[in-house]
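Below is one structure; the comments refer to it alone.
Nothing in this text is a laboratory measurement; each read-out follows from the coordinates by a stated rule. Keep in mind the model is a prediction, meaning the values are calculated, not measured. Heads up, the Cβs are rebuilt from the backbone with ideal geometry, glycines too, and the neighbour counts pull from every protein chain shown.
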Amino acid sequence: MDFNEVIKSRRSIRKFKTQPIPDKYIQEIIEAGRLAPSVSNIQSTRYVIIKSSEVKEKLNEYTVPFVKNAPVVIVCCAYKKAWLEQEEKFLELKNMGAFKDFYQETEQQINNFAKDGKLEIMANPEINKYYTWQHAAIAIDHMTLKAVDLGLGSCWVGFVDREKVRKLINLNEDYEVIALLPIGYPSYNPLPRPRLSINDILLKEL
Ligand SMILES: Cc1cc2nc3c(=O)[nH]c(=O)nc-3n(C[C@H](O)[C@H](O)[C@H](O)COP(=O)(O)O)c2cc1C
């Protein structure tokens, strides 16, 4: 599908046909998430695919009711220990030439910030948690758009008891559940939801 058409036609879909989704499509959706960018390329987002009706029934206790009716639910998680590999992942990027023509200049600038005591403001480890959520958000958006491209519908579900779901799907505390992504063939065709106008959101041009 044309890229603009994908973006324009995406809706949050909350009613699905019972028709199963080909495994190949699920793999393509995960692949779209896999290609999302992340800080230092740490790639902290992980996925659990739920197809089992039994697991979906249990999941229903911890989230909104329509989720259980989707043929597939992807639980999008953060792997918190991915940060431990940040340096390694950064070096991998550097060694493959990702920063080729501007690395030295950047390194010099970072050293200057460190000298001026400004580095902590710019690279605060507490912000890592927010980055981890941002990584998942980008990946989820890639996946929702890929679903549209495949003729499928999905809905980002943030209303979920994250800890209960983490335990239900048997993940240890190194993982944090971020959101659910129920996916299926839409059984309706909703109108576009209202959006602010460009004038409302574009504050200024400097
Ligand atoms: C972070 C996030 C969390 C959301 N959580 C829920 C949710 O728990 N339940 C739900 O029905 N929709 C949820 N939505 C979907 C929004 O309600 C929806 O995106 C919004 O109403 C605009 O509609 P549209 O996606 O069809 O354009 C969520 C969306 C985002 C981005």
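Are any residues in the range 61-102 among the hydrophobic types (A, V, I, L, M, F, W, C), out of contact with any helix residue (DSSP H, G or I) (no Cβ under 9 Å at 6 or more places or on another chain) and within 16 Å of the ligand (Cβ to nearest atom), and if so, which ones? Step through it out loud before you land on a result.
Restricting attention to the range 61-102, the residues satisfying the condition of being among the hydrophobic types (A, V, I, L, M, F, W, C) are 64, 66-67, 70, 72-78, 82-84, 90-91, 93, 96, 98-99, 102.
If we keep only those that are out of contact with any helix residue (DSSP H, G or I) (no Cβ under 9 Å at 6 or more places or on another chain) as well, we get 64, 66, 84, 91, 96, 102.
Residues satisfying the conditions are Val64, Phe66.
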Discussion item. As an exercise: evaluate Leu171 against (1) within 13 Å of Tyr47 (Cα to Cα); (2) within 12 Å of the ligand (Cβ to nearest atom) and give the number of the one condition it does not meet.
Written reply: (2)
Practice prompt. Report yes if Ala139 is part of a helix (DSSP H, G or I), within 16 Å of the ligand (Cβ to nearest atom) and in contact with a Ser or Thr (Cβ under 6 Å, 6 or more places away or on another chain), otherwise no.
Written response: yes
Item to complete: Would you be able to tell me the number of residues in the range 36-60 that are more than 16 Å from the ligand (Cβ to nearest atom), touching a strand residue (DSSP E or B) at 6+ places or on another chain (Cβ under 8 Å) and more than 22 Å from Asn172 (Cα to Cα)?
Response: 1
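Just to verify a result, which residue in the range 85-119, among those that are basic (Lys, Arg) and assigned to a helix (DSSP H, G or I), is farthest from Lys56 (Cα to Cα)? Steps first, answer last, please.
Start the filter on the range 85-119 by keeping residues that are basic (Lys, Arg), which leaves 89, 94, 100, 115, 118.
Within this subset, residues satisfying the condition of being assigned to a helix (DSSP H, G or I) are 89, 94, 100, 115.
On the way: Lys89: 35, Lys94: 43, Lys100: 47, Lys115: 54 Å.
Among those residues, the one meeting the criterion is Lys115.
Would you check if Asn199 is at negative phi, surrounded by fewer than 14 Cβ atoms within 10 Å (Cβ to Cβ) and in a helix (DSSP H, G or I)?
On the way: at negative phi: yes; surrounded by fewer than 14 Cβ atoms within 10 Å (Cβ to Cβ): yes; in a helix (DSSP H, G or I): yes.
Judged against the criteria, Asn199 is a match.
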Fill in: Matching residues, the range 184-196, being surrounded by 10 or more Cβ atoms within 10 Å (Cβ to Cβ), under 24 Å from the mean Cα position of the chain (by Cα) and within 15 Å of the ligand (Cβ to nearest atom)
Gly184, Pro186, Pro190
Discussion item. Conditions first: (1) closer than 30 Å to Met1 by Cβ; (2) within 16 Å of the ligand (Cβ to nearest atom). Lys129 passes all but one, so which condition is the exception?
Written reply: (1)
Item to complete: Being in contact (Cβ under 8 Å) with a residue 12 or more places away in the chain and not hydrophobic (A, V, I, L, M, F, W, C) is the filter here, so list the residues in the range 153-172 that pass it.
Response: Gly153, Ser154, Gly158, Asp161, Arg162, Glu163, Lys164, Arg166
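Just need a number here: residues in the range 137-161 that are closer than 30 Å to Ala114 by Cβ and buried (at least 19 other Cβ atoms within 10 Å of the Cβ). Talk me through it step by step, then tell me what you get.
In the first step, residues of the range 137-161 are kept if they are closer than 30 Å to Ala114 by Cβ; the result is 137-138.
Next, from what is left, pick out any that are buried (at least 19 other Cβ atoms within 10 Å of the Cβ): none.
Within the range 137-161, residues that are closer than 30 Å to Ala114 by Cβ and buried (at least 19 other Cβ atoms within 10 Å of the Cβ) number 0.
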Worksheet entry | Restricting the range 1-35 to residues that are out of contact with any strand residue (DSSP E or B) (no Cβ under 7 Å at 6 or more places or on another chain), within 16 Å of the ligand (Cβ to nearest atom) and not charged (D, E, K, R), the residue that is nearest to Gly153 (Cα to Cα) | Ser12
Worksheet item: Right, Tyr130: at negative phi, among the hydroxyl-bearing types (Ser, Thr, Tyr) and not in a strand (DSSP E or B) or not?
Response: yes
